[in-house]
Amino acid sequence: MVFWYWAAAACLLSAVVAACSSFVRFRIRYSRSGKLDQLIVIVHALFGLFRIHVEVPTIQISKTGLSYHVKEQTEATGAGQTAPKTGKRLINLRGLQRLRLAVREMLVSVRELKGWMFDGLRKIECTRYRMDIRIGTGDAASTAVATGLCWTFMGIATGALDRFFRLKTRPHGQVKPVYAGVELSVVWEADFRIRAGAVLAHALRLLPRLHYGSALRKAYRDWRSVPTQATRT
């Protein structure tokens, strides 16, 4: 009987070690063509046993604020696939004010929160990065100027990526001028990963930094209320 206890403990320990050594992978893709925007976020964890697929097919700016449709689907191997959650959400001035309050409460309730966040970002590895831009203004001179500005923007974005994350790949991208007409299309793709054990260890480092639990709970409620949901199906 004792042998089976030790065997079960060894299996449990092996499962924990394997889970901590696995990678949590993120794939992000944003594309814009004309007036159509699309954002796709895919998350894989525990060697692909747990998957989340979030798709934002449309992003619109109106007088009431920024509205976007969301389609979210979660799948766990062995537990089946949940029904996709779809809905339309709205971020307006009221939501931004709640976000500001949430950030202020977080800074009060957690000591050195910014340093903790930047340290966590540096643990994330970028394994693939690509940005392609096609731009045309209808005028050859202004198109050339806009192309140069896009190259500058891509250089700044790559520098910021290397500043906040661990760059494990060579960034790829290009800017193509379109002299025959007016066009603006953007495709950005990036893959990130971080070990599950690093996520857990970094989360535990947050506990000694907590000052006020009530302020943290209030900040969490304010943050949850930021994406004001307009409709849901």
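None of the figures in this text is laboratory data; all of them are computed from the coordinates on show. The shown structure was predicted, so the numbers you read here are calculated from the model rather than taken from an experiment. We place every Cβ from the backbone using ideal geometry, glycine too, and count neighbours over all the protein chains shown.
Data for the structure
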| read-out | value |
| --- | --- |
| Potential extension, Thr169-Ala18 segment - 0.36 nm per residue separation minus Cα distance | 51.8 nm |
| Label-point separation, Arg205 to Leu161 (7 Å along Cα→Cβ), nm | 2.4 |
| Sum of side-chain charges, Thr169 neighbourhood, beta-carbon under 12 Å (Lys, Arg +1; Asp, Glu -1) | +2 |
| Lys114 versus Tyr179: modelled label distance in nm, points set 7 Å from Cα along the beta carbon direction | 4.7 |
